[in-house]
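Trainee: Have a look at this one before I ask anything.
The values are calculated or read from the model by the stated rules, or taken from the named source; none is laboratory data. Only a predicted model underlies this, so the values are computations on that prediction, with no experimental measurement involved. Cβ atoms come from the backbone with ideal geometry, glycine included; neighbour counts cover every protein chain shown. Only protein heavy atoms, including side chains, enter the accessible area calculation; ligands, DNA and RNA are left aside. Shrake-Rupley method; radii C 1.70, N 1.55, O 1.52, S 1.80 Å.
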Amino acid sequence: MRDRDFVLPLVMLVVFGVGAAFFLVPKGELDQEAQLTSLSETQALSLLNAAKDPLSPPLAFRQAELTAATGNGALADRLLADLTVRTGPTASIAAARADLAFRAGNLRQGADYLAAAQSLSPNDNQRQKLADTYRRLGDSAAERTVLSTVPLTKLTASERIRLVDLMAADGAILQALDVAHSALLLPGQNRSALAERFAAIALSAEQPDLLIQATATVLSEPDGPAMMMSIAKVMTARPRLAKTFAAAVVSQVPDARALLTKAFTEVRLYDAARLMIQPWVTFGSVTTEGWEAVILYADRSGDIGPLKHLLQQMPVQEQPPKNVFLPLIRYDGEGALLPYQLWLTPEYLENAPLVDAAWALTRQRPDEAFVALQRGVQTPHDQTLWLSLARRLQGTEYLDRLQELAGDALDP
């Protein structure tokens, strides 16, 4: 099986490389090639080896191919070397010799032959294999050269990231920044990883304006949230810059306010997140995405003041956002629901089991709290808050019954 795997690349090289030479060989040799196709590999090789006259280049290549299939890679390489003397260097022969060297475990020689093939007839698969070989050899300079010789648009997403990493490792920070910036603006996969590199290099090069401009450009794209998350992680290394960065980006992309709030909240840059939600606190008019951002900020940071303020300004006839009361219960207890009881209708509580349980506890109805907590287990829920509310049933028969649902998590 391994022999056949080895033969396939050479077969393809014959077809696409020197196969056209068949049109230039005498009819007798064409007849011989046709005869070879009807023979077994062993019989075909014996016929070629027995030839008295020099073989044409296509038949000589076929002879090397069949010799390699027998496992005699050294002889196959010598046949290809002799063929090179006759025909001059070709990409097909160089690629075949590279494959023989790799089979023999000689990475350096294989890389040399593959580099020759790539210089004669460049192609993407060959370039990727060559760059990977240099990486395995630890030859970062050669790997960087290979990746730098083609336009960024021709590189894969992983190759673009690798090129940025190689440049940065070599201390070519401005070059790395330029490549990362250009690559970030190109379509492709895994741009969040590229965004992280770009942000880190931009900050190390003291180029925050370039980072701001690039961020504003990519935020509206489908993978904009993922890229923003990567950039926010990098900003944790420069927390004092985070607020300036956030304000500058949202001044160019006002609709990104909620996205920036969520990203900075997730990485615990709460000062920057608080700055983002302030206009909603001051002027109201919170969007659905804005409510989600404010709720997340309150829940993660413990700063529930802005959330309370927005709820106080909200008309009673409007439906409260999903999960809006959970941060209040978490940090102020179930009694925090009292000012908002007009919203706690049966219809609302039916779809908010944790709020339902907290409201039942406020009214000293442990039976209703138990039923609500049972219902909460059957839907996605905040486990920490569920446990907190369940423990409020300490001293009642319901706690033991909830213990069966929660297991060890409810142990004292």
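Trainee: I'd like to know which of PRO346, GLY224, ALA237 lies farthest towards the positive end of the charge dipole of the chain, counting +1 on Cβ of Lys and Arg and -1 on Cβ of Asp and Glu.
Mentor: ALA237
Trainee: I want to verify a result. In a Gaussian network model of the chain, Cα cutoff 10 Å, which of these has the top mean-square fluctuation: LEU307, LEU59, LEU114?
Mentor: Result for the chain, Cα springs under 10 Å: LEU59 fluctuates most.
Trainee: Still on this model: Restricting to DSSP H runs of at least four residues, report the calculated mean residue ellipticity at 222 nm for the chain, -39500 (n - 2.57) per run over all residues, nearest 500 deg cm²/dmol.
Mentor: Using -39500 (n - 2.57) per qualifying helix, the result is -21500 deg cm²/dmol.
Trainee: Still on this structure, please answer the following. Assigning unit charges at the beta carbon (Lys, Arg +1; Asp, Glu -1) and nothing else, what dipole magnitude in debye, to the nearest 20, does segment 193-254 show about its Cα centre?
Mentor: Values: 5 positive and 5 negative charges, 54 e Å.
Here the size comes out at about 260 debye.
Trainee: For the chain, just run the numbers: alpha carbon Rg, then divide by 2.2 N^0.38 Å, N being how many residues it has.
Mentor: In units of the 2.2 N^0.38 Å rule of thumb, it is 1.57.
Trainee: On the first, second and third principal axes, largest extent first, how far apart are the outermost C-alpha atoms of segment 356-402 in Å?
Mentor: 25, 20, 15
Trainee: With the Cα gyration tensor of segment 261-412 in hand, give its eigenvalues times 5 under a square root as the equivalent ellipsoid semi-axes, listed largest first in whole angstrom.
Mentor: Sorted largest first and rounded, they come to 29, 18, 12 Å.
Trainee: Placing unit charges on C-beta atoms (Lys and Arg positive, Asp and Glu negative, everything else neutral), compute the dipole magnitude of the chain about its Cα centre in debye, rounded to 20. Provide the component values of the computation, followed by the final result.
Mentor: On the way: 38 positive and 46 negative charges, 179 e Å.
Here the chain has a charge dipole of around 860 debye.
Trainee: Rounding to the nearest 10 and keeping the result within 0 to 90°, find how far the Cα-based axis of helix 91-103 lies from the longest principal axis of the chain.
Mentor: Tilt of helix 91-103: around 70 degrees.
Trainee: What's the magnitude of the charge dipole for segment 56-168 around its Cα centre, counting Lys and Arg as +1 and Asp and Glu as -1 at the beta-carbon? Answer in Debye, nearest 20.
Mentor: For segment 56-168, the charge dipole is close to 40 debye.
Trainee: Projected onto the charge dipole of the chain (+1 at Lys/Arg Cβ, -1 at Asp/Glu Cβ, origin at the Cα centre), which of GLY73, LEU385, ALA141 gives the Cα projection farthest towards the positive end?
Mentor: ALA141
Trainee: Among the lysines, which fall within straight-line cross-link reach of LYS154, defined as a Cα-Cα distance under 21 Å, with same-chain neighbours fewer than 8 residues apart omitted?
Mentor: Excluding near neighbours in sequence, the set is LYS129.
Trainee: Please work out the FRET efficiency for the pair ARG240 and GLN189, using the Cβ-Cβ distance as r and a Förster radius of 22 Å; give the result to the nearest 0.05.
Mentor: So the FRET efficiency works out to roughly 0.10.
Trainee: Still on this structure: Set the Förster radius R0 to 60 Å, insert the Cβ-Cβ distance between GLN394 and GLN213 as r into 1/(1 + (r/R0)^6), and round the FRET efficiency to 0.05.
Mentor: Rounded to the nearest 0.05, the efficiency is 0.60.
Trainee: I need the calculated FRET efficiency for the pair TYR331 and ASN351, taking r as the beta carbon distance and R₀ as 25 Å, to the nearest 0.05. Before the final figure, lay out each step's value.
Mentor: Working: r = 22 Å, r/R0 = 0.89.
It comes out at approximately 0.65.
Trainee: With the cut-off at 20 Å, tell me which of the pairs LYS243/LYS322; LYS233/LYS262; LYS262/LYS322 have Cα atoms farther apart than that.
Mentor: LYS243/LYS322
Trainee: Can you give me the % of accessible surface on segment 222-357 that is carbon or sulfur? Probe 1.4 Å, all protein chains present, nothing else counted. Walk me through the numbers on the way to the answer.
Mentor: Working: 3420 of 6580 Å².
With neighbouring chains kept in place, the figure for segment 222-357 is 52 percent.
Trainee: Turning to a different aspect of this structure: Ordered by packing density, taken as the mean number of other Cβ atoms within 10 Å over each peptide's residues, highest first, how do 257-263, 346-352 rank?
Mentor: 257-263, 346-352
Trainee: Along the charge dipole of segment 203-328, which of SER285, GLN317, ALA298 sits closest to the positive end, that is, farthest toward it, with unit charges on the beta carbon of Lys, Arg, Asp and Glu (+1, +1, -1, -1)?
Mentor: The residue sitting farthest along the positive end of the dipole is ALA298.
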